[in-house]
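Q: Input: one structure, supplied below.
The values are calculated or read from the model by the stated rules, or taken from the named source; none is laboratory data. Quick caveat: nothing in here was measured; it's all calculated off a predicted structure. Note that each Cβ is placed from the backbone with ideal geometry, even for glycine, and that neighbours are counted across all protein chains shown.
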Amino acid sequence: MENALTLTSDMQLVLGLTALTMVLFLFERIRADVVALVVLVLLGLTGLVPREDLYNGLAGNAVISVIATMILGAGLDRTGALNRLAAWLLRRADGVEQRLILFTSAIAGLNSSVMQNPSVMALYLPVASRLSSRTGLPLSRLLLPIAAAIVMGGGLTMVGNSPLILLNDLLVSANNSLPSGLMTLKPLPMFAPLPIGLALLAAALAYFHFFGGQRLHENAADAGVTPARTETYFATAYGIEGEVYELTVTADSPLVGMSLRETEDLHDAPLILALKTGNESRLAPPGDARIWVGSVLGVMGARPAITDFAQNRFLRISARLREFADLFNPARAGISEAVIPPTSTFIGKTATQLKLRRQHNLRLLAINRDKQVLRENVREQPLRAGDLLVLHSIWTDLAQAASNRDFVPVTDYPKAEQRPHKFKIAMTIFGITMLIALSSRIPASLALMTGVAGMLITGVLKMDEAYAAINWKTVFLMACLIPLGWAMDSSGAAAWVAAHTLDRLPEGTPHWLIEISVGLLTTAFSLVISHVGATIVMVPIAINLALAAGSDPTAFALIVALSASNNFMTASNPVMSMITGPAGYTAKELWKVGGPLSLLYTGIVVLVVNLMF
């Protein structure tokens, strides 16, 4: 036993390298991925990891799974799935703030069970901005509850976050260092942490509903940090507001045979943004387009005005978009601003002369000129240098028209091609992928890559878009640090730390108290060396600590993997780093709201793990 506890030179090297890693991560003088690369090189030069195994982390199941979930998330984003979700949430919430926060957070948490947490947060940021702009609810009251639900919902499955994806690889590699005669540690099935994840997600929803939400309300700076280019902005600045409706022309309607321009000139006409005649649907239809029986108009305005217009002109009104759902998908089209530069060939010409609708598929809604907003007869206004045009269009048409530099868009809009028509295909592929992964008959990494291949073959994503969807910094960080965990295990450093830790604990210390200590220590490490680094360092130590204490090593390892994501206070958690800027949170606010939530997280994890094992 004494020999087993002897601190060898290899142990000293590994522990020294771990300490160096923590210091470099803490002071952030060198990028985290560069630090990880330095660690990998040092492991190879010192021989702590066999050189033929040094790069195996790059091809590990954990890294492949992370890459696959990032690409799958990008595929869902391209089809506008989250924008559809935002519209559904608005309908269900019915304008009640608490209900909106609860529904949005709950669904975000469920989404995070099958996608990487940062990817889910990236998808929900525009959803939250859209909800904020439509309801006037400040982003600061939305983003932290959503982020907390995403982090906690990541514990529902073994592919919800990077630490859980890493865990199975670390459990398998730990078998190489276990004393002979002990049980073999087996990888956990897909749904292994489900009870814990459900308890965590329920706790997050309850926390912000009854407690955390009040603390966010106390923030004096909560004036609403909503992005500028939103529906609220255009309503305030230009009076362009209301919902989009479909109006179907009946045989009795006086509009039959009229041109679109004649219809727009009617005194009570709403904004006409789209027209479907026969099988052809288009945004910004030309003014000479004719309206016939069965034609469908896509119009925007206040419901009372739209209703009156429809009744007076014998039109059937529908608030649910059936013909124009894809055209009006915010991922595909919307309202933008563009400035006329002094070199523009548009100067001195009117929208009618330029044929903006026929040639460029752009609908001019208003002109902002010298702080004066022009909306009446806007098509006949000669354009001047410095005019700010308000346009409605498909984003790709806007990008193509802007390429001539006759106007410069100042609105941030999706530059990449959106494919809402692939929505059903993407959802089908995603559903099949999850069913295969949940069956546990093949490795999760292979199941997820099957879904990636399906999205590429069916055209949901292009290969270059798949490459762009991968956060290579996260992948490289994980792949380079994995060998550090192997070295902790194989050198005996983890066993040495565990044994000396137990020697210093009072005899008869309850196992649950040791588990709480392991959870809190992992959380502390995650604040310094990221959730991936904390998992890699702590899992070998936790396994050896459990063996020395006569407890279940899998339970201890699971506590570590879950606790590595238990960070709601600092930007070292990738999800938290994504929301601090848009929501304007200060460090004090995050600690005030996130600190109690973090303690609650640890208590729930330890409690449910002890009930399970």
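Q: Of all residues in region 140-153, count the ones that are buried (at least 24 other Cβ atoms within 10 Å of the Cβ) and modelled with pLDDT under 90.
A: Looking only at region 140-153, we keep the residues that are buried (at least 24 other Cβ atoms within 10 Å of the Cβ), and these are 142-153.
This time we only want the ones that are modelled with pLDDT under 90, so: 142-143.
Counting residues in region 140-153 that are buried (at least 24 other Cβ atoms within 10 Å of the Cβ) and modelled with pLDDT under 90 gives 2.
Q: Take region 253-275 and flag every residue that is in a strand (DSSP E or B) and surrounded by fewer than 20 Cβ atoms within 10 Å (Cβ to Cβ). Show your work before the answer.
A: Looking only at region 253-275, we keep the residues that are in a strand (DSSP E or B), and these are 259, 271-275.
Matches in region 253-275: Ser259, Leu271.
Q: List pairs: first in region 10-27 and more than 15 Å from Val38 (Cα to Cα) and in contact (Cβ under 8 Å) with a residue 12 or more places away in the chain, second of a type in the set (Val, Ile, Thr) and assigned to a helix (DSSP H, G or I), Cβ under 7 Å, 6+ apart or cross-chain?
A: Leu26/Val528
Q: Output the residue which, of all residues in region 361-385 that are free of Cβ contacts under 8 Å to residues at least 60 places away in the same chain and touching an Asp or Glu at 6+ places or on another chain (Cβ under 8 Å), is surrounded by the fewest Cβ atoms within 10 Å (Cβ to Cβ).
A: Step one: of region 361-385, the residues free of Cβ contacts under 8 Å to residues at least 60 places away in the same chain are 364, 367, 369-372, 374, 376-378, 380-385.
Filter again for touching an Asp or Glu at 6+ places or on another chain (Cβ under 8 Å), leaving 367, 369.
Numbers: Ile367: 20, Arg369: 16.
That would be Arg369.
Q: Which one is nearest to the chain's Cα centre (by Cα) among residues in region 558-590 that are among the β-branched types (Val, Ile, Thr) and assigned to a helix (DSSP H, G or I)? Give the derivation first.
A: Initially, region 558-590 is screened for residues among the β-branched types (Val, Ile, Thr), giving 559-560, 570, 575, 579-580, 586.
Retained after the next criterion (residues that are assigned to a helix (DSSP H, G or I)): 559-560, 575, 579-580.
On the way: Ile559: 25, Val560: 24, Val575: 8, Ile579: 11, Thr580: 14 Å.
Selected residue: Val575.
Q: Scan region 18-39 and tell me whether some residue there is part of a loop (DSSP other than H, G, I, E, B) and closer than 30 Å to Pro420 by Cα.
A: First, pick out the residues of region 18-39 that are part of a loop (DSSP other than H, G, I, E, B): 28-31.
Keeping just the survivors that are closer than 30 Å to Pro420 by Cα gives none.
Taking every residue of region 18-39 in turn, none turns out to be part of a loop (DSSP other than H, G, I, E, B) and closer than 30 Å to Pro420 by Cα.
Q: Identify all residues within region 185-230 that are modelled with pLDDT under 65, outside any helix (DSSP H, G or I) and of a type in the set (D, E, K, R); write none if there are none.
A: Glu218, Asp222, Arg229
Q: Within region 388-436, take every residue that is charged (D, E, K, R), farther than 17 Å from Leu456 by Cα and at pLDDT 85 or above and give me the one that is nearest to the chain's Cα centre (by Cα). Show your work before the answer.
A: Step one: filter region 388-436 for residues charged (D, E, K, R), giving 397, 405-406, 412, 415, 417, 419, 422, 424.
Cutting the leftovers down to farther than 17 Å from Leu456 by Cα gives us 397, 405-406, 412, 415.
Subsequent filtering for residues that are at pLDDT 85 or above retains 397, 406.
On the way: Asp397: 27, Asp406: 35 Å.
The residue in question is Asp397.
Q: If you take the residues of region 305-327 that are in a loop (DSSP other than H, G, I, E, B) and at pLDDT 90 or above, which of them is surrounded by the most Cβ atoms within 10 Å (Cβ to Cβ)? Let's see the steps before the verdict.
A: Filtering region 305-327 for residues in a loop (DSSP other than H, G, I, E, B) gives 313-314, 319-327.
If we keep only those that are at pLDDT 90 or above too, we end up with 313-314.
Values: Arg313: 21, Phe314: 14.
It comes out as Arg313.
Q: When both residues are 6+ apart or on different chains and their Cβ atoms are under 7 Å apart, which pairs have a first residue that lies in region 96-107 and is exposed (fewer than 15 other Cβ atoms within 10 Å of the Cβ), and a second that is part of a helix (DSSP H, G or I)?
A: Sorted first by the residue in region 96-107, then by its partner, the pairs are Gln98/His209; Arg99/Ala93.
Q: State yes or no: is Phe430 in contact with a Leu (Cβ under 8 Å, 6 or more places away or on another chain) and in a helix (DSSP H, G or I)?
A: Working: in contact with a Leu (Cβ under 8 Å, 6 or more places away or on another chain): yes; in a helix (DSSP H, G or I): yes.
Judged against the criteria, Phe430 is a match.
Q: If Gly287 passes every condition in (1) at pLDDT below 90; (2) part of a helix (DSSP H, G or I); (3) of a type outside the set (A, V, I, L, M) but one, which one does it miss?
A: Gly287 satisfies all of (1) at pLDDT below 90; (2) part of a helix (DSSP H, G or I); (3) of a type outside the set (A, V, I, L, M) except (2).
Q: I'd like to verify a number: residues in region 539-557 that are out of contact with any Phe, Trp or Tyr (no Cβ under 8 Å at 6 or more places or on another chain) and assigned to a helix (DSSP H, G or I), how many? Give the derivation first.
A: Kept after step one, since they are out of contact with any Phe, Trp or Tyr (no Cβ under 8 Å at 6 or more places or on another chain), are these residues of region 539-557: 539-541, 544, 547-551, 553, 556-557.
From what's left, assigned to a helix (DSSP H, G or I): 539-541, 544, 547-549, 553, 556-557.
So the count comes out to 10.
Q: Among the residues of region 567-583, what is the count of those that are touching a residue at least 60 places away in the same chain (Cβ under 8 Å) and either out of contact with any Leu (no Cβ under 8 Å at 6 or more places or on another chain) or acidic (Asp, Glu) (or both)?
A: Adding up the residues that qualify gives 3.
Q: Any idea how many residues of region 275-319 are free of Cβ contacts under 8 Å to residues at least 24 places away in the same chain and farther than 24 Å from Arg357 by Cα? Steps first, please.
A: Initially, region 275-319 is screened for residues free of Cβ contacts under 8 Å to residues at least 24 places away in the same chain, giving 275, 277-280, 304, 307, 311.
With the extra rule that they be farther than 24 Å from Arg357 by Cα, the set shrinks to 304, 307, 311.
Number satisfying all stated conditions: 3.
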